[in-house]
Amino acid sequence: MSMRMRRKRNFDERMSACSDVLLARGTAGILNMKEAAERFRATVDFTQAFHNNRPVELEIGCGKGGFIIETAKRRTDTNFLALEKMSNVILTPMERVRQEGIGNVKFLNIRAECLPCYIPEHSLERIYLNFSTPLPKLGYASQRLTHRDFLAKYEKLLKAGGEIVQKTDDRDFFEFSLQEYAAAGFHIKTADYDLHKNGNPPDNVVTEYEQKWVEQGKPIYYAVAVKNG
């Protein structure tokens, strides 16, 4: 039996206090693109949101925000969007960004399948997929974040030459993803079956999950898929 995360104390008040870093918030009733389009008819204006015209990158499934916050601190010349569908989860990184005064991170509390209703076409330089749920059971393939249906959405959001950067600890999911990238017309620039053994790149920001698996000697699979055209 799965356990539900306990709702954080003073949750509604704390979410309201983070409204300056939260660009969009879905609701339990918004389950698909059609419903999202009906309720949210204008994509986010990045210039207005960030008060500059710097490049924009997106992490899908930011969790506690360790990756996106550290990346934003290292690369202050870039703006970052962090998507997390669980409101109780996204509150933690939003509060941290506000407390630390990190101005180049904004949040989307929405489902990934609804991204085209919020993000302008051909506006992103890069999309990060860090340790996405592999959903290994039969019949769940279409819900994986690297399924070709999702990739078709990402392709429209990325600029020409834009990248999808993926890390996972699940080999089957990794190989599934490589097949899907190729089928969706992406060029696979990198396919590394053991990122840390093969020389962890100096610009790699280690996520919470990644640190855990590396300490246990588990390989980290790493891919970079590039949009053609």
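Annotations
- Near Asn53, once Lys and Arg are set to +1 and Asp and Glu to -1 for all other residues with Cβ below 12 Å from its Cβ, the sum equals -1.
- Using a cut-off of 28 Å between Cα atoms, the listed pairs Lys159/Lys197; Lys106/Lys153; Lys85/Lys167; Lys156/Lys218; Lys73/Lys227 include Lys159/Lys197; Lys156/Lys218 as exceeding that distance.
- Anisotropy class of the chain from Cα gyration tensor, a/c 1.5 cut: rounded
- Difference of contour (0.36 nm per residue) and Cα-Cα distance, Arg25 to Leu135: 37.1 nm
- Relative contact order computed over the chain (Cα-Cα under 8 Å; 6+ residues apart), in percent: 19 percent
- Spin-label zone in segment 65-105 - amide nitrogen under 15 Å from a point set 7 Å from the Cα of Lys189 along the C-beta vector: none
- Cα-based shape type of segment 40-96, given that a ≥ b ≥ c are square roots of the gyration tensor eigenvalues and the cut on a/c is 1.5: oblate
- Extension gain for Lys156-Asn198 works out to 11.9 nm (0.36 nm per residue, less the C-alpha to C-alpha distance).
- Remark: accessible surface ordering of Arg98, Arg14 (largest first) is Arg98, Arg14, probe radius 1.4 Å.
The values are calculated or read from the model by the stated rules, or taken from the named source; none is laboratory data. These figures come from a predicted structure and were not determined experimentally. Neighbour counts are summed over all protein chains in view; Cβ atoms, including those assigned to glycine, are modelled from backbone coordinates with ideal geometry. Remember, those area values only see protein heavy atoms, side chains included, never the ligands or the DNA or RNA. Shrake-Rupley method; radii C 1.70, N 1.55, O 1.52, S 1.80 Å.
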